[in-house]
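The values are calculated or read from the model by the stated rules, or taken from the named source; none is laboratory data. What you see is a predicted model; the values in this text were computed from it and never measured. Every residue, glycine as well, gets a Cβ built from its backbone with ideal geometry; the counts of neighbours run over all protein chains shown. Heavy atoms of the whole protein, side chains included, go into the accessibility calculation; ligands, DNA and RNA do not. Shrake-Rupley method; radii C 1.70, N 1.55, O 1.52, S 1.80 Å.
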Amino acid sequence: MTRLFVSAGAAIGLILFVAFIAARLVRSRSQGMSIRMQVFLALAGIVGAFAFGLGLLVVDRIEARATLLAEGAAGDQAAAIATLLANEMATHDQQLEVLARHLGGPRAPGTPELHLSISDPAGRELFAEGPRSTDHVFMTAPIVVRGETVGTVRVGKPTIKIRQVLTDVAPAVLVSSIVLGIAAAIAAMRIGRAIAGPIEALTEFAVRVAEGDRRAVPPPAGGREVLRLSRSIDSMRRQLEGRPFVETFAADLSHELKNPVAAIRASAEVLADGALEEKEEAVRFVGRIQEATTRIEALLGDLLSLARIEARGVEEATRVDVAAVVRELARRERDGATVTVVAPAGADVRGDRAWMSRAIDNLIDNALRYGTPGAPVTVEVKRDGAEVHVSVTNAGAVDKNVAKRLFRRFVTTREGKGGTGLGLAIVRAIAEAHSGSATLVTGGPPEVILRVTLPAA
C-alpha cells in the first residue's frame, strides 16, 4: 500500500511538473522565451536525462544481477541432481531410463514451480516435470558415469523473485528521478534569476529614466560586470538629468545596446545548452560576453562625453596652441602607424584644451581605423584669416550613402572595426561648442579629408 501511494504521488507530481513547463512554453510563443526559461529547460533537461538514464541503468543492473543469481542456483541444482543420478547408476548398475521413471512425486506446499527434465545423449527426453514458460531461467548439467556422458539434466528456476525485486525498486528509482528533476528545476530557476534579474532591473531602471523619472535609483548589482554597467547608466542619468534631449539620448542608447545585449544573451543560451561542460567552448563564449560588455562600456563612455559637451559647452576657455596639441597627439604610440604633422606656429584658438585634444585625437583614430591599412595619415593645421583649420587626410574612400550623415550619432562607414559610431559625433559637438564646425571636405577616392574649423584667437 505504501508503494502504491508513493507511485501515485510521484506520478501526480510528474504530471503537474510537465503541465507547468507546457504552460510556460505556450506563453513563450507570444511573449518570447526568457533567459530564465532557457536556463531552466537546459539544466532540467540535462539532469532529467541523467536521472532517467541512471534509473534505467539501476533497474537493468538489478535485473541482470538477479538473473545471474537465478542461473547460478539452477546450475547448482542441475549439477547436484546429475551427480546423484550418476552415483545411483554407478552403484546399482541401473539404466538412466529406469531411474527417470521413478522420479517425480508430490511437492511441498509453497514450493516454486521448478522445471526438471532428463534427456539421453541423443537428446530424447526421458523425464519432464514443471512449466517451460519464459519466466524461467534454464541451466543444463551432464550425467557422467565412468567418464562417459550418459545424459543431461535440465533445471528451470522461476524468475518471480526478480519481478518482485524490480517491483520493489521501481518506485524508489522513480521517486529519486523526480527528486533530481525538482532539484534541477530549483537550481535552474536560481541560476536564471541570477542572470536575468539584474538585466531586468537595469532595463526597468533605464525605462524609468527614459520616461523622465528623476528619482529613479539604480538597482543593487550583484556581480562586477553588472555593477560597472549599473554605475555607468546611473552616471549617464545624472549627467542628463533635466536636459531636453534625454528622450533622444535614451532612444539612441537603446538602439545601440541591442547588438551587444543580443550577443550576451546568445552566449548565455549556448552556455545554458551544455557548453559549460566543455571548457574551451565555455571560455570562448565567456570571452564573447566580456567583449560585448566592453563595447557597452565604451559606448556609454562616449555617450556621456557627447552629452556633457552638448549640455554644458565649453566651461573654461583659454588660449590653446592647436599646433602644439597636434604635435603632442602625433607622438603617441599608434601600433606602428605613421602620422605626419604640418603645423606652423600662430594657429591659436580660444577653448578647452582637453576637449580640443579629444576632437583631434578622434579624427586621427578615425583615419587610422577606416583608412587604407598601412597608409600614412597627415594632420595639417592652417590659419586662414579669422579661422583655423585642422585637416586630417588619409587614403581611402567614404561611402556616398553615409557621406552626408558622417558626423551624426552611430554612423560608421565600415562595420566590425570596433568603434562605437560616436567618435565623429563627438568631434562635431566639440567643434560647435567652440563656435566652429566639422565637415567632410573630400570623400575620396583616393583620399579622405576631414576638417575642423575654429575661430582664431
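For ILE143, the amide hydrogen comes within under 5 Å of the amide hydrogens of VAL150, GLY151, THR152, VAL153, counting only partners 5 or more places away or on other chains and with H modelled in the peptide plane. Taken along the Cα-to-beta-carbon direction at a fixed 7 Å, the label points for THR439 and ARG408 span 2.0 nm.
Relative to the present Cα-Cα distance, how much length would full extension add between ARG65 and ALA262 at 0.36 nm per residue of separation? Present the calculation step by step, with values, prior to reporting the outcome.
Details: separation 197, 0.36 × 197 = 70.92 nm, distance 5.25 nm.
Difference between extended and current length: 65.7 nm.
Among 423-429, 379-385, sorting by the average number of other beta carbon atoms lying within 10 angstrom of each residue, highest first, gives 423-429, 379-385. The order of the peptides 195-208, 89-102 by mean Cβ neighbours within 10 Å, most packed first, is 195-208, 89-102. Projecting the Cα atoms of ALA266, ALA307, THR338 onto the dipole axis of region 259-352, where Lys and Arg carry +1 and Asp and Glu carry -1 at the beta carbon, places THR338 farthest toward the positive end. At a probe radius of 1.4 angstrom, the accessible area of region 312-440 per residue rounds to 51 square angstrom.
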